[in-house]
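To start, the structure itself, in structure tokens.
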Amino acid sequence: MMRDPEQTIGNLIDRRNTSFVGSVDEDGYPEVKAMLPPRKREGIRTFYFTSNTSSMRAAHYRAHPQACIYFVDRRFFRGVMLKGTMEVLEDAWAKELIWLDGDETYYPLG
């Protein structure tokens, strides 16, 4: 058993340069995509990812918010999968939170 799961999981996440993000397609099938790490995270319950607002993934989350993210440590062959819901954010406050501009979409998994 982990002494401090939030710290252990957070450390694993922070050391990864790839995230795997799962969504549900229009036919109800799961899809997984490799993405850059989250732009921002709040503990291990809220993560902010970015993508174009016209992306297929954004369309999936608008239709079916159920999602998962997976982070893997290949060296020790261990990982963590977190499940929750994605919300597509396009508000100015979300863009300021991530300090980006342009046509970006923000996916918090919480």
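The values are calculated or read from the model by the stated rules, or taken from the named source; none is laboratory data. Not measured: the values here are computed from a predicted model. Here the Cβ is made from the backbone with ideal geometry for all residues, glycine too, and neighbour counts use every protein chain on show. To get the accessible areas, we keep the full protein, side chains included, count just its heavy atoms, and leave off ligands, DNA and RNA. Shrake-Rupley method; radii C 1.70, N 1.55, O 1.52, S 1.80 Å.
A few points about this structure:
- Conditions (1) at pLDDT below 95; (2) open to solvent by 80 Å² or more (accessible area, probe 1.4 Å); (3) within 29 Å of Pro5 (Cα to Cα); (4) not aliphatic (A, V, I, L, M); number of the one not met by Lys83: (1)
- Matching residues, the range 1-42, being closer than 19 Å to Met86 by Cα, hydroxyl-bearing (Ser, Thr, Tyr) and free of Cβ contacts under 8 Å to residues at least 60 places away in the same chain: Thr18, Ser19, Tyr29
- Within the range 1-32, considering residues that are in a loop (DSSP other than H, G, I, E, B) and among the aliphatic types (A, V, I, L, M), the one surrounded by the fewest Cβ atoms within 10 Å (Cβ to Cβ): Met1
- Picking from residues in the range 63-80 that are β-branched (Val, Ile, Thr) and more than 13 Å from Val32 (Cα to Cα), the one that is least open to solvent (accessible area, probe 1.4 Å) is Val80.
- Against the test of being within 18 Å of Phe77 (Cα to Cα) and among the small types (Gly, Ala, Ser), the options Ser19, Ser55 yield a single qualifying residue, Ser19.
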